[in-house]
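Here's the structure we're looking at; comments come further down.
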Amino acid sequence: MTTTEEDLNLDAQASAEAGAVTAAEASAPAEAQPAQATITDEQIEVGRRAHDLDREHVFHSWQAQGPFTPMTVLAAEGPYVWDGEGRKLLDMSSQLVNTNIGHQHPKVVAAIQEQAARLCTIAPQHVNDARSEAARLIAEITPGDLNHVFFTNGGADANEHAIRMARLHTGRTKVLSAYRSYHGGTQLAVNVTGDPRRFANDYSAEGIVHFMPAYQYRSYFGSTSEAEETQRALQHLEDMIVLEGPSNIAALILETVPGTAGIYGPPAGYLEGVRELTSRYGIMYIADEVMAGFGRTGRWLAVDHWDVTPDLITFAKGVNSGYVPLGGVAISEAIFETFRERAYPGGLTYSGHPLACAAAVATITAMREEGMIENAERLGAEIIGPTLREFAERHPSVGDVRGMGCFWAVELVKNRETREPLAAYGGSSPEMNQVIAALKAEGVLPFANFNRIHVVPPLNTPDADVRFGLEALDRALDVADSFVS
């Protein structure tokens, strides 16, 4: 399936899946082959039954249920998945940009098995060693005094709880959030979201105020340089704060590097300016690191690139590569003190679930022992970035490439001068679907959203596999070039 996120353009997904994989022999170079060599006829038959049952009983997220044609996955290992017919696909999507250590990492699988044999579950009011150790390791990673961790089931509820904490801490209600952002699918989180998935769920009752982001390629401020974009975006943000009333604003939530919205990193000085404005006006700065965190950008957290310390950090996805659902909020000392003697009015049955926390401990440990953060930085600097920039020189359909680490976007356009996108904002197009189908025919499972292809492989993907995926993208861009006017 064309990977999305609560995160992807799902119309593009459905049509691409309907006719994309036509080359059963498509595969990576021999030296890049993972250990899982073959899929048996029995596995394929089990997969077909699973598909039939899925279509009869499973209600899928972000989909019109009738035309949806999901891809069956029979197996996964490292950076590869095998579809319902046994075809191998390089997972350049990391699923929903969350399998940061790839599929079936043996150390994490073993940790889950060992934890299940010892203690499968325990209520959150009790202590268990997996939860305590996971919190300690996360506190080592977070900047400043964000040394307390509230565990959730994923990124959406992490953002919901971070906003609740900020509101209770400040006694204020409003929340500022950028357009072109994604913060989750639950009621408050989807209203905080600044992309079209909010539209059908937006009842204007959640106290959210959206502002224009710093996004130089499609600047909302007429900027012609990075310095102009920073200055103008910060002036706009301060104007919004003043016009909304600083004493009414509890929090500003911002993806450090927006993920599904386009992997557009902040221009130099922008995050530092956001931190200064929020501090000046007593607004809690929530850094959403759900997708960008835990090595994706070549640092443990994306904020590490800019040396800013938020008041709250939300995380999920890469903290344990999604092996068991887990998210959380890292909390500053000042906000923690608000709840030292005052009960926090919130909780979750599965907060800090032992299996999820054991997976987090094993994931963080494996990342450190195997140098995955450093490898992600190297892949971006030495292979992905230079190759994508070379594609931009040769392919007229490439309007912009941007990213860091294993977190890149290729923005496709019909015309470089007008920057007309290959698919409209908030929608898909037959042209994009053909590009996606070409990638799958080459043996690559892509992540696509609107007019972009995101290059987001696992952080430990072998160099040969990354190059194979990029070569497939190079050929798929020939398809995109055919639509350039």
> In the list R167, R232, which residue meets the criterion of being within 17 Å of R275 (Cα to Cα), in a helix (DSSP H, G or I) and more than 22 Å from the chain's Cα centre (by Cα)?
Replying inline: R232
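Taking segment 232-277 only, how many residues are at negative phi and either β-branched (V, I, T) or without any contact (Cβ under 8 Å) to a residue 24 or more places away in the chain (or both)? Before you say what the answer is, go through the steps one by one.
Residues of segment 232-277 that are at negative phi, as a first pass: 232-244, 246-261, 264-268, 270-277.
Still in the list and also either β-branched (V, I, T) or without any contact (Cβ under 8 Å) to a residue 24 or more places away in the chain (or both): 232, 235, 239, 241-243, 249, 253, 256-257, 260, 274, 276.
Total satisfying the criteria: 13.
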>> For segment 185-203, check the following and say yes or no: at least one residue is farther than 15 Å from G262 by Cα and among the acidic types (D, E).
In response: yes
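Collect the residues in segment 327-342 that are part of a loop (DSSP other than H, G, I, E, B), open to solvent by 70 Å² or more (accessible area, probe 1.4 Å) and within 15 Å of G171 (Cα to Cα), keeping them in residue-number order.
If we filter segment 327-342 for residues that are part of a loop (DSSP other than H, G, I, E, B), which is where we start, we get 332, 339-342.
Okay, now just the ones that are also open to solvent by 70 Å² or more (accessible area, probe 1.4 Å), so 340-342.
Hit for segment 327-342 is R342, nothing else.
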> Limited to segment 72-123, what total is found for residues that are of a type in the set (V, I, T), touching a strand residue (DSSP E or B) at 6+ places or on another chain (Cβ under 8 Å) and open to solvent by less than 40 Å² (accessible area, probe 1.4 Å)?
Replying inline: 4
> Filtering segment 188-225 down to residues that are acidic (D, E) and modelled with pLDDT under 90, which residue is surrounded by the fewest Cβ atoms within 10 Å (Cβ to Cβ)?
Replying inline: D202
>> Being modelled with pLDDT of 95 or more and out of contact with any strand residue (DSSP E or B) (no Cβ under 7 Å at 6 or more places or on another chain) is the filter here; which residues of segment 152-187 pass it?
In response: A156, E160, R164, L168, G171, R180, Y182, G184
> Going by the conditions given, is F68 of a type in the set (A, V, I, L, M, F, W, C), open to solvent by 70 Å² or more (accessible area, probe 1.4 Å) and over 24 Å from A472 (Cβ atoms)?
Replying inline: no
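Yes/no matrix, rows are residues, columns are (1) more than 26 Å from A448 (Cα to Cα); (2) free of Cβ contacts under 8 Å to residues at least 40 places away in the same chain; (3) among the hydrophobic types (A, V, I, L, M, F, W, C):
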residue	(1), (2), (3)
F68	no, no, yes
M92	no, no, yes
V97	no, no, yes
K107	yes, no, no
D129	yes, yes, no
A139	yes, no, yes
> How many of the residues making up segment 124-164 are farther than 18 Å from Y323 by Cβ, polar (S, T, N, Q) and open to solvent by 20 Å² or more (accessible area, probe 1.4 Å)?
Replying inline: 3
> Where residues in segment 183-194 are assigned to a loop (DSSP other than H, G, I, E, B) and closer than 21 Å to I241 by Cα, which of them is nearest to the chain's Cα centre (by Cα)?
Replying inline: H183
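Report the residue count in segment 327-345 for those that are in contact with a Lys or Arg (Cβ under 9 Å, 6 or more places away or on another chain) and of a type in the set (A, V, I, L, M, F, W, C).
From segment 327-345, those in contact with a Lys or Arg (Cβ under 9 Å, 6 or more places away or on another chain) are 327, 344-345; that's our starting set.
Okay, now just the ones that are also of a type in the set (A, V, I, L, M, F, W, C), so none.
Result for segment 327-345: 0.
Could we say that A464 is within 25 Å of R87 (Cβ to Cβ), part of a strand (DSSP E or B) and among the small types (G, A, S) here?
Working: within 25 Å of R87 (Cβ to Cβ): yes; part of a strand (DSSP E or B): no; among the small types (G, A, S): yes.
Judged against the criteria, A464 is not a match.
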>> Yes or no: segment 56-67 includes at least one residue that is in a loop (DSSP other than H, G, I, E, B), within 22 Å of Q104 (Cα to Cα), among the hydroxyl-bearing types (S, T, Y) and modelled with pLDDT of 50 or more.
In response: no
> Taking Y179, is it surrounded by fewer than 22 Cβ atoms within 10 Å (Cβ to Cβ) and either within 18 Å of the chain's Cα centre (by Cα) or in contact (Cβ under 8 Å) with a residue 12 or more places away in the chain (or both)?
Replying inline: yes
>> With the requirement that a residue be aliphatic (A, V, I, L, M), under 17 Å from P143 (Cβ atoms) and outside any strand (DSSP E or B), what does segment 250-264 give you?
In response: V257
> Out of segment 362-409, which residues are farther than 21 Å from R299 by Cα and part of a strand (DSSP E or B)?
Replying inline: V398, G399, D400
>> Name the single residue that is surrounded by the most Cβ atoms within 10 Å (Cβ to Cβ) among those in segment 235-253 being under 13 Å from G273 (Cα atoms) and not charged (D, E, K, R).
In response: L252
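Evaluate the following for S247: is it under 15 Å from Y285 (Cα atoms), in a helix (DSSP H, G or I) and modelled with pLDDT of 95 or more?
Working: under 15 Å from Y285 (Cα atoms): yes; in a helix (DSSP H, G or I): yes; modelled with pLDDT of 95 or more: yes.
Answer is yes for this residue.
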>> Against the condition within 15 Å of the chain's Cα centre (by Cα), of a type in the set (S, T, N, Q) and not in a loop (DSSP other than H, G, I, E, B), how does T314 come out, does it pass?
In response: yes
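Restricting attention to segment 291-307, report how many residues are among the hydrophobic types (A, V, I, L, M, F, W, C), open to solvent by less than 10 Å² (accessible area, probe 1.4 Å) and in a loop (DSSP other than H, G, I, E, B). Walk me through how you get there before you give the answer.
Quick first cut of segment 291-307, residues among the hydrophobic types (A, V, I, L, M, F, W, C) only: 291-292, 294, 300-303, 306.
This time we only want the ones that are open to solvent by less than 10 Å² (accessible area, probe 1.4 Å), so: 292, 294, 301-303.
Cutting the leftovers down to in a loop (DSSP other than H, G, I, E, B) gives us 292, 294, 301.
Total meeting the criteria: 3.
The values are calculated or read from the model by the stated rules, or taken from the named source; none is laboratory data. For clarity, every value in this text was computed on a predicted model and none was experimentally measured. Every residue, glycine among them, receives a Cβ derived from its backbone with ideal geometry; neighbour counts consider all protein chains shown. To get the accessible areas, we keep the full protein, side chains included, count just its heavy atoms, and leave off ligands, DNA and RNA. Shrake-Rupley method; radii C 1.70, N 1.55, O 1.52, S 1.80 Å.
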